[in-house]
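Beneath this line is the structure, given in structure tokens, with notes to follow.
The values are calculated or read from the model by the stated rules, or taken from the named source; none is laboratory data. Computed from a predicted model, the values in this text were never measured in an experiment. So basically every Cβ, Gly included, is an ideal-geometry build from the backbone, and we count neighbours across all protein chains shown. Heavy atoms of the whole protein, side chains included, go into the accessibility calculation; ligands, DNA and RNA do not. Shrake-Rupley method; radii C 1.70, N 1.55, O 1.52, S 1.80 Å.
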Amino acid sequence: MKHFFTILFCVSLAINAKAQTFAQKQIMAQAVFSNIVNAYGNAKPAPLLTILPNTQKERVVAAYITTPSPTIKLDEQLIDICLQLKADSLNALAIIISHELAHYYNDHNFCSDYAFALGETSLSKALRRSTKANKLEKETEADYQGIWYATIAGYYPYNIFNAFIDKIYSNYNLPSVINGYPTKADRKAINKERLQKCNKLIPIFYAGNLLTKVGEYEAAAFCYTEVLRYFTSRENYNNAGVATLLNALQLKPLQAIEFIYPIEIDAISRLQNTTSRSNSDAQTLKMDTLLLQAKKYFEKSISLDATYIKAYINLACVLDIMDNPEAAIGRLNEIPVAAQNNNTVNMLKGIAYYHADNIKKATLCFNTLTSAFDSVVIYNYKLFALIDKPMQSIEEFKVKWRKRENLKNTNKTYKVSNNENCDEITINNKIRICFSYKLNKVLKIIYDGKEIY
């Protein structure tokens with residue numbers, strides 16, 4: 001929600017471009033920068049962001065520099081060019097900022113080739129040290145990742161690149177061919193190639209999110225693993241792990257004391273199916289295989305960012321479900337101290353201690369839970385309070401809970417009109433995704449011949 005209001009505020013600034021002061025441009029650029037840094041989700045501290053005023057003598061379009069400290073520099077005139085695109089101004093700015101961040105996070109130790117130096121400056125001389133072939137290789141990587149993470153951050157950088165790059169060349173009076181840099185045509189060719197790739201992957205990522213939301217976890221995991229073939233970020237590993245874990249939970253027999261883990265999409269998902277689940281050897285084997293795969297995904301996510309709290313929590317859930325509550329508690333204790341004292345961590349520790357037959361410590365953990373609107377926390381807290389009560393009381397509580405949650409969810413629907421023209425993406429003849437680039441949304445998903453969205 002905070003991200004939404006930040007974008008809304010920046011959009012209002014963009015619409016009123018003529019009234020913008022330098023300070024307002026700084027606010028807009030910093031907001032886009034922060035959103036994309038969060039989307040990259042890298043353990044490295046973010047570089048500095050500096051806006052070079054139009055009055056400054058030494059000018060660049062945009063540059064990532066490594067010394068004396070990692071810094072991304074943007075020219076105020078570049079922001080003015082973005083503002084000329086009005087509704088697409090933030091999307092244009094996101095293209096540049098995400099591109100420069102890709103250089104930083106991929107340790108490209110040269111300035112971005114967006115950094116056209118104007119005049120013979122120390123910066124322009126440094127820029128020429130990289131060969132054109134090396135720049136093309138790195139620029140392709142930065143463009144490819146840049147548009148992906150700009151999209152993950154909530155921007156829509158499709159189909160504006162060519163018009164945007166034309167404006168940059170025109171406003172800065174740049175020739176189409178600059179010695180030591182990719183040509184203007186090269187840039188557009190790179191953009192075309194990475195758009196083709198991202199235009200396939202982003203709908204698959206969106207489809208994974210939607211399929212998780214509607215409870216089609218096997219299909220969701222299929223989408224996320226396809227994305228992982230190209231983008232091995234901590235979030236993508238975590239997403240694949242969540243979908244795989246939720247798929248495994250569908251095979252786990254319900255127990256009398258059935259806690260809800262904080263990886264659930266809503267508080268009713270684990271309890272919705274009240275029919276008894278078989279405990280066949282084949283089902284147990286499949287569940288164990290899925291749990292092991294989910295565990296590997298979360299461990300890989302943590303290996304990419306040792307401070308990524310979500311992955312620790314999800315890994316602890318897997319370990320507890322695998323009947324290893326001691327390991328779950330150990331993983332939760334690895335979370336940085338500053339993030340330890342919150343409802344989710346304390347609740348999950350309480351569940352693990354209960355499963356480890358340490359009721360005293362479980363009680364201490366549940367008693368630390370503060371007032372919360374999180375229905376998962378509320379459910380688990382109330383369920384734990386009933387553990388010494390007759391089984392009938394526990395079952396009555398769960399029935400009432402299901403009825404209340406079902407009542408809250410009666411207006412939920414995930415069906416979408418598919419009357420709009422759309423492009424179809426197919427993955428290994430197993431999943432078909434109908435995606436509208438005009439509307440920027442998934443219209444239909446068919447998995448194993450069955451329409452599930």
Failed condition for Asn159, given (1) surrounded by fewer than 21 Cβ atoms within 10 Å (Cβ to Cβ); (2) modelled with pLDDT of 80 or more; (3) within 25 Å of Asn236 (Cβ to Cβ)
(2)
Looking at (1) closer than 25 Å to Ile79 by Cβ; (2) open to solvent by 10 Å² or more (accessible area, probe 1.4 Å); (3) within 16 Å of the chain's Cα centre (by Cα), which is the only condition Lys167 fails?
(3)
Given the condition outside any helix (DSSP H, G or I), modelled with pLDDT of 85 or more and touching a helix residue (DSSP H, G or I) at 6+ places or on another chain (Cβ under 8 Å), answer yes or no: does some residue in the range 78-88 qualify?
yes
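Mind listing whichever residues of the range 42-67 are small (Gly, Ala, Ser) and in a loop (DSSP other than H, G, I, E, B)?
Ala43, Ala46
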Only one of (1) open to solvent by 30 Å² or more (accessible area, probe 1.4 Å); (2) part of a loop (DSSP other than H, G, I, E, B); (3) of a type outside the set (Lys, Arg); (4) in contact with a helix residue (DSSP H, G or I) (Cβ under 8 Å, 6 or more places away or on another chain) does not apply to Gln145, and that is (2)
When you check Leu364 against the structure, is it aliphatic (A, V, I, L, M), in a helix (DSSP H, G or I) and under 27 Å from Asn236 (Cβ atoms), yes or no?
no
Scan the range 68-76 and give yes if some residue there is part of a strand (DSSP E or B), touching a residue at least 40 places away in the same chain (Cβ under 8 Å) and open to solvent by 10 Å² or more (accessible area, probe 1.4 Å), otherwise no.
yes
Would you check if Asn236 is polar (S, T, N, Q) and buried (at least 21 other Cβ atoms within 10 Å of the Cβ)?
yes
What's the total number of residues in the range 298-328 that are part of a helix (DSSP H, G or I) and open to solvent by less than 30 Å² (accessible area, probe 1.4 Å)?
16
Determine which member of the set Arg129, Arg59 is exposed (fewer than 15 other Cβ atoms within 10 Å of the Cβ) and at pLDDT below 85.
Arg129
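How many residues are assigned to a helix (DSSP H, G or I) and either under 19 Å from Val318 (Cβ atoms) or in contact (Cβ under 8 Å) with a residue 12 or more places away in the chain (or both) if we restrict to the range 337-358?
Looking only at that region, the number is 14.
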